[in-house]
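What follows is calculated from the coordinates using simple rules that are stated; it is not laboratory data. From a predicted model like this one, the values you see are computed outputs, not experimental measurements. Virtual Cβ from ideal backbone geometry, glycine too; neighbours counted across all protein chains shown.
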Amino acid sequence: MLAALAQSRKALPECLPNPPVGCLIINAQEIVAEGYTQAPGKHHAEADALNQIQGKAFNFLKMYVTLEPCSFHGRTPACALAIAKDRRIHEIYVSIIDPDPRNNGQGLDILKKAGKIVNVGLCANEVNAFLNQYLNKVMVEQ
Ligand SMILES: [Zn+2]
């Protein structure tokens, strides 16, 4: 997760006003994709990472993402839905829940309903210290 946090830091400042999220995909012990949030309207961290393994045959992948994947369709499709549909992703580690009222646990629900193993809280203190200032905590106009 600390490697995903390092990816998070790379997202700044282009990603703003979206939060700088980092994402890793692991196959066995090996990193097969590293993503971070791109400029608004382009890939979020999760989509950036999934894009790197497009068309590759994997099973039982683990994804590490610093913030709960988004559950709402904004300028880009919802990441939680993209992960839910990807049968290669078996288990997801999310560091912190997204307080954005449009998400706030709904992204995790989508993943769990899709049968993924979801773990929350890994490195939460470290991730929160960096990410907290960039999170949306109030309802905003799209
Ligand atoms: Zn997203």
Nitroxide proxy distance, nm - points 7 Å out along Cα→Cβ at residue 73 and residue 130: 3.2
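Would the stretch 2-134 count as rounded, prolate or oblate if I go by the C-alpha gyration tensor, calling it rounded below 1.5 in a/c and otherwise prolate when a/b exceeds b/c, oblate otherwise? Walk me through the numbers on the way to the answer.
On the way: a/c = 1.31, a/b = 1.25, b/c = 1.05.
Here the stretch 2-134 falls in the rounded category.
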Which of 135, 61, 111, 67 has the fewest Cβ neighbours within 10 Å, and the rest in rising order: 135, 61, 111, 67
Sequence-distant residues sharing a close amide H with residue 33 (under 5 Å, placed H): 25
Prolate/oblate/rounded label for the stretch 69-139 (Cα gyration tensor, a/c 1.5): oblate
Listed residues 37, 66, 76, most fluctuating in the chain (Gaussian network, C-alpha, under 10 Å): 76
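Kindly put 75, 9 in sequence by how many other C-beta atoms sit within 10 Å of each C-beta, fewest to most.
Values: 75 10, 9 13.
Placing the least packed residue first, the sequence is 75, 9.
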Label point distance in nm, residue 56-residue 85, each placed 7 Å from Cα along Cα→Cβ: 2.0
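When the helix-only estimate is applied to the chain (DSSP H runs of n ≥ 4, each -39,500 (n - 2.57), divided by the residue count), what is the mean residue ellipticity at 222 nm, nearest 500 deg cm²/dmol?
On the way: 5 runs with 40 residues, N = 142.
About -7500 deg cm²/dmol.
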Cα-based Lys pair tally, the chain, threshold under 26 Å, eight or more apart or on separate chains: 23
Rounded to whole Hz, the Karplus (6.51, -1.76, 1.60) HN-Hα couplings of the stretch 41-50, x for glycine and proline: x, 9, 4, 6, 4, 5, 5, 4, 5, 4
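Out of all DSSP beta bridges in the stretch 1-99, what portion is antiparallel? Express it as a percent rounded to 5.
Close to 60 percent.
Taking the beta-carbon count within 10 Å as an exposure proxy, list 117, 97 from fewest neighbours to most.
Working: 117 12, 97 18.
In order of increasing Cβ crowding within 10 Å: 117, 97.
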Sequence-distant residues sharing a close amide H with residue 118 (under 5 Å, placed H): 92
Calculated from backbone phi, Karplus (6.51, -1.76, 1.60) coupling profile of the stretch 116-123 in Hz, x at Gly/Pro: 7, 7, 10, 10, 10, x, 5, 6
